[in-house]
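Written out below as structure tokens is the structure these notes cover.
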Amino acid sequence: MRLTKFQNMKHYPIVFLLHIFLSAHAQQLQSPKEFLGYDPGERFTRHHRVVEYFQHVAANSNRVKFFRYGETYEHRPLVYVIIATPENHARLEQIRLDNLRRAGMAEGTPSTNIAIVWLSYNVHGNESSSMEAAMQTLYELADVNNTRTSSWLKNTVVIMDPCINPDGRDRYANFYNQYGNRTPNPNPEAKEHREPWPGGRSNHYWFDLNRDWAWLTQIESQQRIKIYNQWMPHVHVDFHEQGYNNPYYFAPAAEPYHEVISNWQRQFQQIIGKNHAKYFDEQGWLYFTRERFDLYYPSYGDTYPTYNGAIGMTYEQAGGGVAGLTITTREGDPLTLKDRLTHHHVTGLSTVEITSQYADRVISEFEKYFRENLNNPASPYKTYVISASNNADKIQRLTRLLDAHLIKYGVAGLSKTTRGFDYSAQTVKPVTVSAEDILISIYQPKSRLITTLFEPVSKLPDSVTYDITAWNLFYAYGLKGYALNEKLTPQRNYVPGEPMTAGADKPYAYLFPWQSVTDARFLSALLNRGIKVRSALGPFRVNNTSFPAGTLIVTRRNNEHILDFDQTIRQIARAFQRPLFGASTGLVEEGSDFGSSAVAFLKKPKVAILAGEQTSSLSAGAIWHFFEQELEYPVTQIGTEYFRSVSLHNYDVLVVPDGRYSMFNDETLKNISEWIAAGGKLILIGNALDSFADKNGFALKRYASEDAKKEAEKKAQQEQQKNALMKYAEAERKEISELISGAIYRVTLDSSHPLAFGLGDTYYTLKTNELLFPFLQGGWNAGVLKGKSKPVQGFAGYKINSNMEDRLVFGMQDKGRGSVIYFVDDPLFRNFWENGKMVFCNAVFVAGN
């Protein structure tokens with residue numbers, strides 16, 4: 001009798017049948033080369049093809065599951081895969097929940113013991129090798145014939161995000177594919193190595209996504225963090241590239257380490273580094289460790305995971321946005337895309353390998369980390385108190401950020417007098433916690449992240465650091481509150497109050513206090529609907545109710561063109577949850593009547609932003625994003641390359657971002673001056689001020705007087721003579737003494753000036769540059785550093801800080817019918833400095849009207 005193929009199989013040994021099954025499986029699963037039709041490294045793969053390859057692997061490997069977690073501003077998909085054995089896939093939800101149980105983020109007792117590694121690629125779009133490496137790493141992890149990776153996956157689950165920044169990645173790939181030579185040119189001077197502005201590093205809005213993990217200003221970050229917090233991996237790697245003459249960097253990280261980092265997190269960095277070194281030594285590849293890339297600023301792809309219990313690491317391959325497909329290094333050697341992706345591929349697999357080898361220890365130390373968070377947090381400050389007297393919008397904007405990070409908070413419920421650090425007074429003193437205050441206890445899973453975000457002083461073991469050294473959210477949001485050494489437990493959940501409605505049903509005018517960015521969003525909505533709005537230039541009292549300066553006044557008069565006026569105003573107010581007060585009269589009891597010249601009409605401004613070469617893409621992008629995504633207000637970007645051909649008279653406001661400018665020659669400055677005098681408003685930010693300082697018609701000066709200039713020149717000459725004998729090894733420390741590494745300063749306000757409306761009594765500025773300007777002469781010094789100033793938090797070199805006396809922070813110059821507004825510090829830096837947004841809104845909509 002003739003046997004069928006399947007009947008015949010039963011006569012073969014099980015091992016042989018398994019071999020047939022695995023061989024058939026391997027034939028279905030294609031390597032990146034087979035799928036793409038070219039060898040990885042031969043060209044830059046566009047994002048959609050990498051997504052398709054990840055889908056192919058998931059469809060042809062029972063080890064891989066594919067997920068889409070969102071999309072970018074340019075509508076490219078954001079995806080990840082989970083790689084595990086079929087057995088672990090069958091209990092994947094149990095593994096995930098067990099891990100959250102270890103972190104105190106889910107109920108129950110863990111029954112599985114599986115390590116979790118998360119590999120993140122291409123957060124910077126033009127650091128292009130890592131997404132190529134991701135495909136090869138995925139293939140080897142998915143290949144059932146690969147005995148090495150098969151053994152690792154028995155006790156380890158791997159999550160891979162192939163591209164955090166698809167928009168930037170495709171911007172770079174499209175550039176190179178457009179300008180690259182048929183035979184790649186290794187000469188660094190070739191056009192294929194010189195990206196045009198803004199480059200592919202950033203996302204659609206030119207944001208650096210590797211500085212956004214904590215602040216979550218960008219849609220990519222917001223969507224990714226939801227998935228991250230559902231898993232809370234034990235190990236997280238962020239793959240990068242650096243200058244093409246720097247070979248490869250991997251863990252251990254450089255100092256400073258934040259003091260909340262555990263001993264095990266430090267130790268395992270050493271263990272991982274030794275494993276990588278073994279493979280690099282075998283190949284003779286160059287590398288370095290413990291330099292440049294520290295673990296301090298909390299919004300990186302290595303520090304955010306670290307402050308959430310993981311072993312967080314950055315791996316940096318030589319290359320960056322200039323390397324192309326091949327480039328000649330300073331040693332005269334070729335560095336190819338194939339080389340770069342191979343190095344990242346090796347460290348990616350090495351990370352999974354060493355985590356698998358140490359899986360039991362990795363998991364137990366992870367559980368210990370969170371047990372300490374829950375029961376015995378090491379930070380001296382145990383409770384952070386947000387005063388209920390703060391503006392409700394600011395509280396809600398902060399609590400939304402806390403919710404995104406799964407940070408718990410609640411209402412005190414009971415009054416208590418104790419001692420604590422008062423953020424407003426900048427000292428430890430007796431404080432009273434009211435029953436309605438909001439408490440954030442650090443006795444919770446996110447304990448160490450809370451400490452890094454709120455502690456009054458962050459210990460800085462080494463002033464040589466890679467980024468800003470201060471970011472405290474009390475100062476960023478302009479909130480009053482305390483840090484307490486004792487544990488206080490919230491008694492109930494915080495529930496925002498409903499906005500108040502009061503006054504006449506058919507009022508003479510609707511009144512809306514101007515106190516937050518939400519009020520600015522509301523104003524934007526009114527202006528976009530064609531509603532005419534006024535602003536009180538001073539405080540006033542009407543119908544026995546007091547209102548602050550800046551209050552928005554929407555009168556029935558001049559808005560007759562709005563159909564169903566009352567319904568429209570109330571509808572928009574409800575949409576933004578604005579308290580609504582209907583004034584029955586325009587005759588006030590104190591202050592200026594609504595028809596007074598002291599009540600300014602807010603014309604809907606036509607806003608232009610300078611963008612392109614010479615501008616900082618990060619600064620220009622922050623402005624663009626703020627208008628479009630937060631205010632939802634129309635803006636026009638004007639390119640620097642054709643700026644001189646544009647008629648500024650088509651615009652009311654021109655914003656010049658931070659940048660290094662050479663375009664503002666005498667003729668251009670004359671044209672701008674004439675536009676300002678005719679009623680235009682010029683807003684200058686950061687280093688843009690340098691192009692207007694000491695120029696005819698502009699009030700900004702570098703020195704307060706000729707004597708001050710001579711004294712500064714004398715000091716500079718003495719310093720130069722002193723430095724002539726400086727030792728080479730001292731150069732870095734000397735340079736640091738003249739730098740400000742993102743420090744926070746307390747600003748003295750002229751609260752009567754429109755630039756300061758809505759800020760309350762105090763403003764804190766985040767200083768990220770070394771610009772020093774004296775008070776404006778013939779202008780309004782609305783925000784200044786008065787007397788000798790030092791940071792309330794963060795590092796500033798002693799030499800630069802010794803000159804931080806009587807300095808301008810922001811001010812305004814009246815010029816004809818227009819105005820110039822000077823921001824020495826960028827109020828929209830990374831768009832996380834909430835109170836800075838308020839100052840910027842004042843500049844755009846209120847000041848100068």
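The values are calculated or read from the model by the stated rules, or taken from the named source; none is laboratory data. Note that the structure is predicted; figures quoted are calculated from it, not measured. Ideal geometry is used to build each Cβ from the backbone, glycine not excepted, and the neighbour counts take in all protein chains shown. Keep in mind that these areas ignore ligands, DNA and RNA; they rest on the heavy atoms of the full protein, side chains included. Shrake-Rupley method; radii C 1.70, N 1.55, O 1.52, S 1.80 Å.
Couple of notes before you dig in:
- Using a probe of 1.4 Å on the protein chains alone, the accessible area found for Glu711 is around 90 Å².
- Looking at the chain, the accessible area is 41 square angstrom per residue; that uses a 1.4 Å probe and ignores ligands, DNA and RNA.
- Options Leu141, Gly104, Val123, ranked by Cα towards positive dipole end of the range 84-149, top entry (Cβ charges): Gly104
- Of all DSSP bridge pairs formed entirely within the range 625-784, close to 65 percent run antiparallel.
- Ordering of 192-198, 32-38 by packing [mean C-beta count within 10 Å, highest first]: 192-198, 32-38
- Local electrostatic count at Asn528 - Lys and Arg +1, Asp and Glu -1, tallied over other residues with Cβ under 9 Å: +1
- Point-to-point label distance, Thr328-Thr183, nm (Cα→Cβ direction, 7 Å offset): 1.4
- Acute angle (nearest 10 degrees) that the helix 517-528 long axis makes with the longest principal axis of the chain, alpha-carbon atoms: 80
- The accessible area of His48, taken with all protein chains in place and a 1.4 Å probe, comes to roughly 100 Å².
- Accessible area of Thr342 in the full protein assembly, 1.4 Å probe (Å², nearest 10): 40
- Once the Cα-Cα distance is subtracted from the 0.36 nm per residue extended length, the Asp593 to Ala404 segment shows a gain of 63.6 nm.
- Within the chain, the proportion of C-alpha pairs whose separation exceeds 34 Å stands at 57%.
- The range 509-665: relative contact order in percent, alpha carbon pairs under 8 Å with at least 6 residues between: 25
- Fully extending the segment from Lys786 to Thr147, taken as 0.36 nm per residue of separation minus the present Cα-Cα distance, adds 223.3 nm.
- Relative to the Cα centre, the charge distribution of the chain, modelled as +1 at Lys and Arg Cβ and -1 at Asp and Glu Cβ, gives a dipole magnitude of about 1260 debye.
- Against the chain, whose longest principal axis comes from its Cα atoms, helix 219-231 is set at around 50 degrees.
- Helix 337-357 vs. the chain, principal-axis angle (Cα, 0 to 90°, nearest 10): 80
- Computed over the chain, the per-residue total of -39500 (n - 2.57) for DSSP H runs of n ≥ 4 gives a 222 nm mean residue ellipticity of -9500 deg cm²/dmol, rounded to 500.
- Once the C-beta distance of Glu255 and Arg529 is scaled by a Förster radius of 56 Å, the resulting FRET efficiency is 0.55 to the nearest 0.05.
- Rounded FRET efficiency, nearest 0.05, which uses the C-beta distance separating Lys274 from Arg419 and R0 of 51 Å: 0.65
- Applying both filters, DSSP loop and at most 13 other Cβ atoms within 10 Å, to the trypsin sites (Lys or Arg not before Pro) of the range 350-382 eliminates every site.
- Whole-angstrom gap from the range 269-324 to the range 81-114, using each part's C-alpha centre: 27
- Considering only Leu602, Ile623, Gly612, and ranking their Cα positions along the charge dipole of the range 575-636 that arises from unit charges at the beta-carbon of Lys, Arg, Asp and Glu, the one farthest toward the positive end is Gly612.
- Percentage relative contact order, the chain, counting C-alpha pairs under 8 Å, at least six apart: 10
- The range 565-606: trypsin sites (Lys or Arg not before Pro) falling in loop per DSSP and having at most 14 other Cβ within 10 Å: Lys603, Lys606
- Contact order, relative form, for the range 690-847: 24 percent (alpha carbon pairs under 8 Å, 6 or more residues apart, mean separation divided by residue count).
- Accessible area of the range 452-592 belonging to carbon and sulfur atoms, whole % at 1.4 Å probe: 48
- You can think of it this way: the chain between Ser737 and Gln267 has 166.0 nm of extra reach, that is 0.36 nm per residue less the Cα-Cα gap.
- Selection among Gly679, Gln637, Val588 by position relative to the dipole of the range 559-680 gives Gln637 as farthest towards the positive end (Cβ unit charges, Cα centre).
- The range 575-691: antiparallel DSSP beta bridges as a percent of all, rounded to 5: 10
- Net charge in the neighbourhood of Cys841 (other residues with Cβ under 12 Å of its Cβ; Lys, Arg +1, Asp, Glu -1) is -1.
- Of all DSSP bridge pairs formed entirely within the chain, close to 65 percent run antiparallel.
- FRET efficiency for the Glu498 to Arg817 pair, using the beta carbon distance and R₀ = 35 Å, is estimated at 0.25.
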